[in-house]
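One structure is given below, encoded as structure tokens.
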Amino acid sequence: MTISDDDLINAAKEAREHAYCHYSGYSVGAAIIDDQGHLHVGCNVENASYPLGNCAEAAAIAAMVLEGGKRIERIAVAGGPGDVAPCTPCGGCRQRIQEFADENTMIITMDDSKDWQRYSIAELLPAGFHLD
Ligand code: THU
């Protein structure tokens, strides 16, 4: 079964409902389709010790790795302080996504125009750090 981009965005919105974000009040959900066509989701989880909080993308990537996914085919990110609002992945999450991305990976997120946009990792993280 193929998951449409709209369904993937909805999965990110649903994951967002589980966000633990008492400190920022900013909830984020992420939904990944991996190289096998499997869905993995995550939400942000904050902590009283602020730097220990985790981003939604990190949680979704961890779920993907745990369940055997090797590569991100598509990832949708939905976030905001109330209703879904523009929320492009933070710098650290761009690096996290790059680890499991290739030139075909699509990152779907709402930009400042409040439209859902599709980006490649090269667009979001030009000249990103690689070990190889
Ligand atoms: N956050 C994410 O989950 N992903 C991002 O790409 C941007 C920021 C979370 C972290 C924190 O819990 C809240 O949003 C506010 O920064």
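Bear in mind these aren't lab numbers, they're just calculated from the coordinates by the rules spelled out. Here the structure is a predicted model, which is why all the values come from computation and not from measurement.
Tabulated results
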| item | result |
| --- | --- |
| Residues whose placed amide H lies under 5 Å from that of Q117, excluding near-sequence neighbours | T109, M110, D111 |
| Mean separation of Cα contacts under 8 Å, 6 or more apart, over the residue count of the chain: relative contact order % | 20 percent |
| Mean ellipticity per residue at 222 nm, deg cm²/dmol - from DSSP H runs of n ≥ 4 across the chain, formula -39500 (n - 2.57) | -7500 deg cm²/dmol |
| Cα convex hull of the range 60-132 - mean projected area over all directions, nm² | 5.5 nm² |
| Kirkwood estimate for the chain, i.e. one over the average of 1/r between Cα atoms, Å | 14.5 Å |
